[in-house]
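> Could you have a look at this structure, given as structure tokens, before my questions?
The values are calculated or read from the model by the stated rules, or taken from the named source; none is laboratory data. Keep in mind the model is a prediction, meaning the values are calculated, not measured. We place every Cβ from the backbone using ideal geometry, glycine too, and count neighbours over all the protein chains shown. Please note that ligands, DNA and RNA were not included when accessible areas were found on the heavy atoms of the full protein model with its side chains. Shrake-Rupley method; radii C 1.70, N 1.55, O 1.52, S 1.80 Å.
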Amino acid sequence: MLLQIDNLTKSYAGPEGPTEVLRGVSLSLDAGETLALTGESGSGKSTLLHLVGGLDTADGGSIRLDGQEVTRLDDTGRAALRRGTVGVVFQQFNLIPSLSVAANISFQARLAGRFDQARADRLAEALGLTGQLAKYPEQLSGGQQQRVAIARTLAARPRLVLADEPTGNLDEATAAVVIEEMLALVHETGAALMMVTHSPALAARAGRRLHLRQGRLE
Ligand SMILES: Nc1ncnc2c1ncn2[C@@H]1O[C@H](COP(=O)(O)OP(=O)(O)OP(=O)(O)O)[C@@H](O)[C@H]1O
């Protein structure tokens, strides 16, 4: 089992005391599996991805990823997890402004020690970025930046891809390319994919679908 989540809980401080955002979430994901997570706005989808990606800490429960207990990792351990095991495509693209598009795409793969120029070139081409490689992030549209963030994640060949509305800023044809590339990575490397989406078409491409309602899976 690549990912095993048990009874995960998370609250945030609100104006009227703590709000429970995740109320005992359990799920597991094998290598090679794809999962779409749906649920209305505020149901806790992004929070769940952040916890699995080690970007935030849980209040209770456990997240075992590739044999490691994520909830017990310190900052250094979580950084190592993001460098080597998990690739995230989140709504904030977090591109590095001082690096060209080409350098942004290769950045994570180099950190993970898995850089492969041919793969980076292929991804740039598939995602329609070949003409943008010498530019800097601020010179790109939102949809182009999103594609760079996706290429960067897939170039590093993570074991688990966490994607939060990965096609949110993209037209239908580009969205279809993005999902094909994510599924190809899973197929080629035996990675797993967990994506949050409001798009029924995107959710339909995943092998499994789970719905989050008020912090609980159904
Ligand atoms: N850092 C935070 N501090 C306080 N409250 C937060 C924080 N992050 C999220 N929340 C709250 O937790 C709840 C769940 O948020 P989350 O972003 O996980 O929902 P979501 O299902 O991803 O929603 P959307 O589809 O709108 O992105 C919301 O009520 C939100 O206001």
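> May I ask you to say which residue of GLU138, GLU181, GLU218 is in contact (Cβ under 8 Å) with a residue 40 or more places away in the chain, exposed (fewer than 15 other Cβ atoms within 10 Å of the Cβ) and at negative phi? Lay out the reasoning, then the answer.
Numbers: GLU181 fails: exposed (fewer than 15 other Cβ atoms within 10 Å of the Cβ); GLU218 fails: in contact (Cβ under 8 Å) with a residue 40 or more places away in the chain.
Step by step, each of GLU138, GLU181, GLU218 is checked, and only GLU138 is in contact (Cβ under 8 Å) with a residue 40 or more places away in the chain, exposed (fewer than 15 other Cβ atoms within 10 Å of the Cβ) and at negative phi.
> Name the residue that is farthest from the chain's Cα centre (by Cα), counting only residues in region 88-102 that are surrounded by fewer than 15 Cβ atoms within 10 Å (Cβ to Cβ) and farther than 26 Å from LYS45 by Cβ.
SER98
> Could you list all residues from region 119-159 that are among the acidic types (Asp, Glu) and in contact with a helix residue (DSSP H, G or I) (Cβ under 7 Å, 6 or more places away or on another chain)?
Step one: list which residues in region 119-159 are among the acidic types (Asp, Glu), which gives 121, 125, 138.
Scanning region 119-159 gives no hits.
> On the given criteria, is GLY24 in a strand (DSSP E or B) and more than 18 Å from the chain's Cα centre (by Cα)? Can you show your working first?
Details: in a strand (DSSP E or B): yes; more than 18 Å from the chain's Cα centre (by Cα): yes.
Yes, satisfied.
> Working carefully through the options ARG72, ARG78, find the one that is away from the ligand (no atom under 16 Å from the Cβ) and either on the phi > 0 side of the Ramachandran plot or surrounded by 15 or more Cβ atoms within 10 Å (Cβ to Cβ) (or both). First the steps, then the outcome.
Working: ARG72 fails: either on the phi > 0 side of the Ramachandran plot or surrounded by 15 or more Cβ atoms within 10 Å (Cβ to Cβ) (or both).
Residue meeting the stated conditions: ARG78.
> Here's a follow-up. With (1) away from the ligand (no atom under 16 Å from the Cβ); (2) surrounded by fewer than 16 Cβ atoms within 10 Å (Cβ to Cβ) as the list, and GLU16 as the residue in question, which single condition is left unmet?
So GLU16 meets the others, but not (1).
> Related question: Quick one: would you say VAL21 is open to solvent by 20 Å² or more (accessible area, probe 1.4 Å), within 15 Å of the ligand (Cβ to nearest atom), at pLDDT 95 or above and touching a Ser or Thr at 6+ places or on another chain (Cβ under 9 Å)?
Numbers: open to solvent by 20 Å² or more (accessible area, probe 1.4 Å): yes; within 15 Å of the ligand (Cβ to nearest atom): yes; at pLDDT 95 or above: yes; touching a Ser or Thr at 6+ places or on another chain (Cβ under 9 Å): yes.
The answer is yes for VAL21.
> Could you identify the single residue in ALA176, ALA118, ALA201 that is surrounded by fewer than 17 Cβ atoms within 10 Å (Cβ to Cβ), away from the ligand (no atom under 16 Å from the Cβ), hydrophobic (A, V, I, L, M, F, W, C) and at pLDDT 95 or above? Write out each step before concluding.
On the way: ALA176 fails: at pLDDT 95 or above; ALA201 fails: at pLDDT 95 or above.
Sole residue among the options that is surrounded by fewer than 17 Cβ atoms within 10 Å (Cβ to Cβ), away from the ligand (no atom under 16 Å from the Cβ), hydrophobic (A, V, I, L, M, F, W, C) and at pLDDT 95 or above: ALA118.
> Something else now. Run down THR38, THR9, THR34 and say which single residue is open to solvent by less than 60 Å² (accessible area, probe 1.4 Å), in contact (Cβ under 8 Å) with a residue 40 or more places away in the chain, of a type in the set (Ser, Thr, Tyr) and away from the ligand (no atom under 15 Å from the Cβ).
Working: THR38 fails: away from the ligand (no atom under 15 Å from the Cβ); THR9 fails: away from the ligand (no atom under 15 Å from the Cβ).
Exactly one of THR38, THR9, THR34 is open to solvent by less than 60 Å² (accessible area, probe 1.4 Å), in contact (Cβ under 8 Å) with a residue 40 or more places away in the chain, of a type in the set (Ser, Thr, Tyr) and away from the ligand (no atom under 15 Å from the Cβ), namely THR34.
> Restricting to region 41-69, count the residues that are polar (S, T, N, Q), within 11 Å of the ligand (Cβ to nearest atom) and in a loop (DSSP other than H, G, I, E, B). Steps first, please.
So in region 41-69, the residues polar (S, T, N, Q) come out as 41, 43, 46-47, 57, 62, 68.
Restricting the remaining residues to those that are within 11 Å of the ligand (Cβ to nearest atom) gives 41, 43, 46-47.
This time we only want the ones that are in a loop (DSSP other than H, G, I, E, B), so: 41, 43.
Summing the residues that are polar (S, T, N, Q), within 11 Å of the ligand (Cβ to nearest atom) and in a loop (DSSP other than H, G, I, E, B) in region 41-69 gives 2.
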